[in-house]
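The values are calculated or read from the model by the stated rules, or taken from the named source; none is laboratory data. Bear in mind that the values here come from a model prediction, so they are computed numbers and not experimental data. So basically every Cβ, Gly included, is an ideal-geometry build from the backbone, and we count neighbours across all protein chains shown.
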Amino acid sequence: MNFTPPDFFPAILEMLTLGMTCLVMLVYLFLDQKNRGITYFLTQITLLGTAVVAISLHGSPEVITFDGSFILNSQAILLKIFILLSVSFVLMYSRTYIRENDILHGEFYLLVLFSVLGMEVLVSAYSFLTLYLGLEIFSLPLYALIALKGNKPVCQEAAIKYFIMGAIASGFLLYGISLIYGACQSFNIHEIISMMSLSIHTEPLLLTLGLVFMSAGALFKLGIAPFHMWVPDVYEGSPNAMTLLIATAPKLAGFALLTHILVEALPVLFPQWQYLLIAVALLSMAVGNIIAIVQDNIKRMLAYSSIANMGYMLLGLIAGTPRGYGAALFYMIIYVVMSLGAFGVITMLSRKGFELEKVDDFKGLNTRNPWLAFMMLLILFSMAGVPPSAGFFAKVGVLEALVKVNIVWLPAVALVFAIIGAYYYLRVVKVMYFDEPLEKTPVILESFDTQLAISINGLAVFFLGLFPTTLIELCQQAFLA
Amino acid sequence: MIEKLIFYVFAALLIGSATMVIVSRQSVRAAFFLIVAFCASAVLWMLLSAEFLALLLIFVYVGAVMTLFMFVVMMLNLDQESLQEKFVRYLPFAVLLVALMVGVLVYAMKPGHLGELGLAISPHPSADYSNTKALGLLLYTHYVYAFELAAVILLIAIVAAIGLTHREKSRNKRQRIDAQLAATKADRLQILQLEAEK
Amino acid sequence: MELLKTLSLLVVIAPLVGAAGAGLFCRQVSKQFAHRLTIALMGFSLILSLYVACLVIGQDQSYEGVLYLWGQSGKLTLNVGFLIDNLTACMMVTVTFVSFLVHIYSIGYMAEDGGYQRFFSYISLFTFFMLMLVTANNFLQLFFGWEGVGLASYLLIGFWFNRESANQGSFKAFLVNRVGDFGFVVGIAGVLGYFGSLDYIPVFAAIPGVAEANTLIPGTSWSVISFIGFFLFVGAMAKSAQMPLHVWLPESMEGPTPISALIHAATMVTAGVFMVARLSPLYQYTPSMQSFILIIGATGALFTGLIAIVQNDIKRVVAYSTLSQLGYMMAAAGVSAYAASIFHLMTHAAFKALLFLGAGSVILAMHHDQDLRHMGGLRKQMPITYFTFLIGTLALCAIPPFSGFFSKDAIIEAVHSSQIGGASYAYVCVVLGSFVTAFYSFRALFLAFHGEGRMSHEAKHHVKESPWVVWLPLVLLAIPSVIQGYMMVGPMLFSEPSYLGNSITVLTQNNVLMRMGEEFRGGFHMILESFGNFPLWFAILGAFSAWIAYVKKPELPPLCVKRFKWLYTILIHKYGFDDFNDWFFVRGGQRTAKLMYQGDARIIDDFFVNGAGRLITWCSATARRLQTGYIYHYAFVMLLGLMALLVWLMFR
């Protein structure tokens, strides 16, 4: 049997991450209690270093390696950059929280790094096998992370729920994969495409069956209705730092999962999955926006907001054009940036023994820390889609892509839901600026890097609204190749 | 002919025991049925001449995993009755869903759909053919990336398990000075207004 | 060219940085830091804009280009860009120069104010917007600056926001400007709709070809150019306080005095004049609009000046004089003497800022008493202020050889030699205006600085000269008020190429300045010649009358008031504009609104709006019950959803 070693270089990001993870593990094991803070810095170095390498890789031509199970293209690199950066921000925001809440440091950082590795694998997967492995690698640490905080029953409940629901979704995905395999005799996306274009007599019903099962698995990860039920409970039950984590980077990975399945592997079934996505997008926007209104727990509210936002993101995919895919990617990135900021503020405001959860806890934030309140204001305005924030351009992008392919009724409905949605975002703004604070003590952020991070985050939302073109073009290019 | 007979017998056994895993009243019994299901599927693998996988299933799952599992189940002593109650209550929905699902699958998957291109059973290999070797060759060359990833999953499982169970704080008793200093009167002392007895 | 772009960018951005630095951290930074930062950046901006002016005017460079693409929608591209030419350069220097001095002046004037940092942040912010306005290369950016200066003006008029009158004043300014902005937006929409672009260059290039077109709105026969020109001019009328949209400017005097000098005399209110000059390629092709501008301007020049005579608040006198001078500028723009208009804008910026800051200095000495009737005899205690105020007054009254003389005389002469409709009426107005100007200016001067002090005995002892940060800007502004006119009259108006180069467009048949240029033989000769003309003698007569009425025979004015009761009543009511607005717009609006409100509250509010809200809340409250928290419910929903999708997609 002839065997030529595959080209390992394209997987450099994954190898870097894994290598550094092992290093962090060893360092953590052999350090005594006092010096364990170093794991934080090592983790940040890993994330940022990998991000730098990823940025330097951007623009290189598309490579497929490991016998067609791994792909590195501009889309994958773009997603990886944002995954790495967003996780880095997550860690910056939650550093104090982790220290104060008796969460085991080393395990926390290790599991986060593993999860990042899984996301990278998923983003670069070009076969259903690696796709599934990536999904599991990034999900398993998340389940564990949620339950990591002491013996709190709420967290453990959330973890169990997430785990069991996730297992069911994985089951869907695997079953779908097996059906597609049955029809096409391959796991490789490349081979599946050629198979489909070749054999006209491939049974469409079977493929549709596989498609629905696989997309159900992917839609679950994104928290899209009707596979969204876990989202509010898990967001609410998780410790704030974990909520911050699961609400951000995994969404990008979930986007990659969905696009790998639909856009790359099964473009032939576009008429089928277009209808599927229209149905779930409408349901998500309706469920998310409407139920969010009555929530007085801010984490739950943002959970429903995420369901709604994922619905908007799908609109880009529904268009079925490279422009639409690009708009969806842009929407996703902007959503993650906003979500990062919103949950970041929540995490920062939580202290030892105090989890910020209620909308009322934001009362009078402006008098307690005006700058933080202002950053939150920018983020909320952007989520509500107020021009010229980034959120506005993200929404315009997906809606425009739909109009371009002559689907007008869907954007109209989406706009109605967006208006309903504006209510609950602006309610938080009102509470922050016009209500009397429950406690008068000013909020002081201890560490400088946290302050810097939230400032960058909030202003990024603002400036991406003023100068959206570069990022939009990057997103468009990712799907044009 | 005999192969077909074996297949149908063990396939029926597999489905039957898998059903029993879900519906049986006691978790110990459910675990036993799971072992039966593993054994039955090992036989099915054997029929496909995948001896290595079949034996692996028996050694690893039946021999190691399930034994551990049995210990845990026996020690936990779950409340059987309440689980049972809900099971009956939601049974109609479940039956409906299952029926619907089976209907759809049967409608979509006609036997011809899957077999067309290459599911014909390969010719009997020669005597010196090693199943294990073939698998190994494939695993360490073609699927090396996936193989490594699977190893990572195991590593994650170890780290996660340790993280979830190993709690150094609860085990050794230490004086927590910060908690003592932070304590206030309200934490320790509760003043009750008791009704005067007549 | 790249150099010019970078320089201009720095000029524009520096004030913004200052504003952000002093404003965003206004609680953290000290007073010293706030003014040092903003003044340093302003000074930087001033020096660079002088350099830009040297490059543009001296070496005849120019820049037109896009800084970045802001948005794109269909064929329409919205850019942020610069058009740096001679006109822009003149405006940049004027704006940064006055702004710089006002910054310095404010150190003294605002020294004891609680909102010190906020104040510096606002004026820097204003300067940024003003520079954006003048450097714009397209209508949208012009509008951005336009709205931005409006915002800054609103914030600054209402700076002392716990004063009721200040709030009212800022509110009024904002509302009146809304009227103008509405016109402006319609104008911009017209440009976009007809020319399909918002950039100056392509639009201007297309204008001569469509001068006769009448097709903007189907079924009407309005000339496109006149239509657009009219609505854009409505915007200019509000911003430059032309009659009848001038009512906000006197009220704006509720803001701190440096603001009155910077925004409501030197820069912002001249934005309308600047706009008309910038859009000269457009207005050249619409004679009807030119006449309209001329008549509005000339009317304002005379009649608002008359009101100034009866005002007793020193700042209001100067404010009405500003209205009158803006009228002169507009009149000049109306007769196509754009260069004269911009020239007057620049000289006026200097001497009017001087007058305002001088008035501010007086007010400071009087402990914020602004009433002329309580002043008098301040000449001895405040010599520097007196002297500079006198220079400002002489310049305002167009007495040679002060700067105002050259620019104003050029305007009067231009109006005289123009032949467009309404020119003779306008000529009468502007000539009589020069008498009125001199009368009220000297009245204010005499009342404040001459005669006996009418303040309380105690207050008299406290009056003293202001600190150097206050009088230094006065002196610095007095210098251009004296020499600027003489030095610039030739190159600005009559030489070829002039300071304005080819940044403005004048058709040959309209070019009054060129005709006047044929007889021009230098500034000195112009002074000599003026002794043979009406306007100068009118001005001198005005000053002399004021001397008689307020110094020689102080018993005369009350007598006149008694005699000409009707005239006095008209003037004190400011021709009834305010009363009319109050009766028609405010109360009429309120009455209509009340009527609509009752219908609205019952039908729309209760049924539709609140009903929809209630419906959604109800849906929401119902739907949240589905979220039970049980895993098997969730799993059931997932399966159900999956099955529904399966069945739907397979049997579709």
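Points worth noting:
- Taken together, the residues in the range C:1-25 that are within 30 Å of A:N369 (Cβ to Cβ) and over 27 Å from the mean Cα position of the chain (by Cα) amount to 1.
- Hey, A:L42 over 26 Å from the mean Cα position of the chain (by Cα), farther than 17 Å from A:E120 by Cβ and part of a helix (DSSP H, G or I) or not: no
- Looking only at the range B:138-156, and only at residues there that are small (G, A, S) and either facing another protein chain (nearest Cβ under 7 Å) or not in a helix (DSSP H, G or I) (or both), the one that is nearest to A:K152 (Cα to Cα): B:A150
- In the range C:57-102, the residues that are crowded, with 18+ Cβ neighbours inside 10 Å, part of a helix (DSSP H, G or I) and at pLDDT below 80: C:I57
- Test: residue in the range A:277-290 that is within 11 Å of chain C (Cβ to nearest Cβ), more than 22 Å from C:L642 (Cβ to Cβ), touching a residue at least 60 places away in the same chain (Cβ under 8 Å) and assigned to a helix (DSSP H, G or I): yes
- Among the residues listed as A:L179, A:L205, A:L258, the single one being part of a helix (DSSP H, G or I) and touching a Ser or Thr at 6+ places or on another chain (Cβ under 8 Å): A:L258
- The residues listed here are A:S115, A:S69; of these, the one that is buried (at least 24 other Cβ atoms within 10 Å of the Cβ) and modelled with pLDDT of 95 or more is A:S115.
One line per residue, one yes/no per condition, for (1) under 27 Å from C:P473 (Cβ atoms); (2) in the same structural domain as C:L175 (by TED's automatic domain parsing); (3) out of contact with any Gly (no Cβ under 9 Å at 6 or more places or on another chain):
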{"site": "C:A261", "(1), (2), (3)": "yes, yes, no"}
{"site": "C:M289", "(1), (2), (3)": "no, yes, no"}
{"site": "C:I295", "(1), (2), (3)": "no, yes, no"}
{"site": "C:Q311", "(1), (2), (3)": "yes, yes, yes"}
{"site": "C:A331", "(1), (2), (3)": "no, yes, no"}
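- Checking each residue in the range A:216-264 for being within 14 Å of chain C (Cβ to nearest Cβ) and more than 18 Å from C:Y634 (Cβ to Cβ) picks out only A:L262.
- Residue that is nearest to the other protein chains (Cβ to nearest Cβ) [pool: residues in the range A:60-70 that are assigned to a strand (DSSP E or B) and in contact (Cβ under 8 Å) with a residue 60 or more places away in the chain]: A:F70
- Checking C:L493 against (1) part of a helix (DSSP H, G or I); (2) closer than 27 Å to C:V310 by Cα, the condition it does not meet: (2)
- Filtered residues of the range A:111-126 (kept if in contact with a strand residue (DSSP E or B) (Cβ under 8 Å, 6 or more places away or on another chain) and either at the interface with another protein chain (Cβ under 8 Å from one of its Cβ atoms) or of a type in the set (A, V, I, L, M) (or both)): A:A125
- Taking each residue of the range A:256-275 that is under 16 Å from A:V121 (Cβ atoms) and looking for partners that are assigned to a helix (DSSP H, G or I) and at pLDDT below 90 with beta-carbon atoms closer than 8 Å, six or more apart or interchain, yields A:E264/A:I193.
- The range C:504-555 holds helices (runs of 4 or more DSSP H) entirely within its bounds, and those carrying 2 or more residues that are under 29 Å from the mean Cα position of the chain (by Cα) map to C:512-517, C:534-547.
- Filter pass, C:F159 being surrounded by 17 or more Cβ atoms within 10 Å (Cβ to Cβ), outside any helix (DSSP H, G or I), in contact (Cβ under 8 Å) with a residue 12 or more places away in the chain and not hydroxyl-bearing (S, T, Y): yes
- Applying the condition of being free of Cβ contacts under 8 Å to residues at least 60 places away in the same chain and out of contact with any Asp or Glu (no Cβ under 9 Å at 6 or more places or on another chain) to the range A:71-96 and asking which residue is nearest to the other protein chains (Cβ to nearest Cβ) yields A:L91.
- There is at least one residue in the range A:461-468 that is out of contact with any Ser or Thr (no Cβ under 9 Å at 6 or more places or on another chain) and closer than 18 Å to C:L24 by Cα.
- Leading residue by the ranking (nearest to the other protein chains (Cβ to nearest Cβ)) among those in the range A:183-195 that are assigned to a helix (DSSP H, G or I) and crowded, with 20+ Cβ neighbours inside 10 Å: A:A183
- Some residue of the range B:11-21 being surrounded by 16 or more Cβ atoms within 10 Å (Cβ to Cβ) and of a type in the set (S, T, Y): yes
- When C:I263, C:I295, C:I259 are checked against the criterion of being of a type in the set (A, V, I, L, M) and either at pLDDT 85 or above or not in a helix (DSSP H, G or I) (or both), a single residue qualifies: C:I295.
- A:V90 within 22 Å of B:A160 (Cα to Cα) and either hydroxyl-bearing (S, T, Y) or within 21 Å of the chain's Cα centre (by Cα) (or both): yes
- Contact map, the range A:165-180: residues that are on the phi < 0 side of the Ramachandran plot and at the interface with another protein chain (Cβ under 10 Å from one of its Cβ atoms) paired with residues that are assigned to a helix (DSSP H, G or I) and charged (D, E, K, R), Cβ distance under 8 Å, separation 6+ or inter-chain. Pairs shown: A:A169/A:K221.
- The one condition from (1) closer than 26 Å to A:I77 by Cα; (2) at the interface with another protein chain (Cβ under 10 Å from one of its Cβ atoms); (3) of a type outside the set (S, T, Y); (4) touching a Phe, Trp or Tyr at 6+ places or on another chain (Cβ under 8 Å) that A:F108 does not meet is (4).
- The residues of the range A:218-245 that are of a type in the set (G, A, S), in contact (Cβ under 8 Å) with a residue 60 or more places away in the chain and closer than 21 Å to B:M101 by Cβ amount to a single one, A:A225.
- Scope the range A:369-386; condition without any contact (Cβ under 8 Å) to a residue 60 or more places away in the chain and not hydrophobic (A, V, I, L, M, F, W, C); matching residues: A:P370, A:G385
- Residue check for C:L125: hydrophobic (A, V, I, L, M, F, W, C), surrounded by fewer than 24 Cβ atoms within 10 Å (Cβ to Cβ) and not in a loop (DSSP other than H, G, I, E, B): no
- Within the range C:548-560, residues that are within 12 Å of C:V310 (Cβ to Cβ) reach partners that are at pLDDT 75 or above and surrounded by 15 or more Cβ atoms within 10 Å (Cβ to Cβ) with beta carbons closer than 6 Å, at six or more positions or on different chains, in the pairs C:P557/C:A549.
- Cross-chain or 6+ apart pairs with Cβ under 6 Å, the range C:632-652 first and free of Cβ contacts under 8 Å to residues at least 40 places away in the same chain and of a type outside the set (K, R), then buried (at least 17 other Cβ atoms within 10 Å of the Cβ) and not in a helix (DSSP H, G or I): C:Y634/A:M229; C:V637/A:P226; C:V637/A:M229; C:M638/A:F227; C:G641/A:P226
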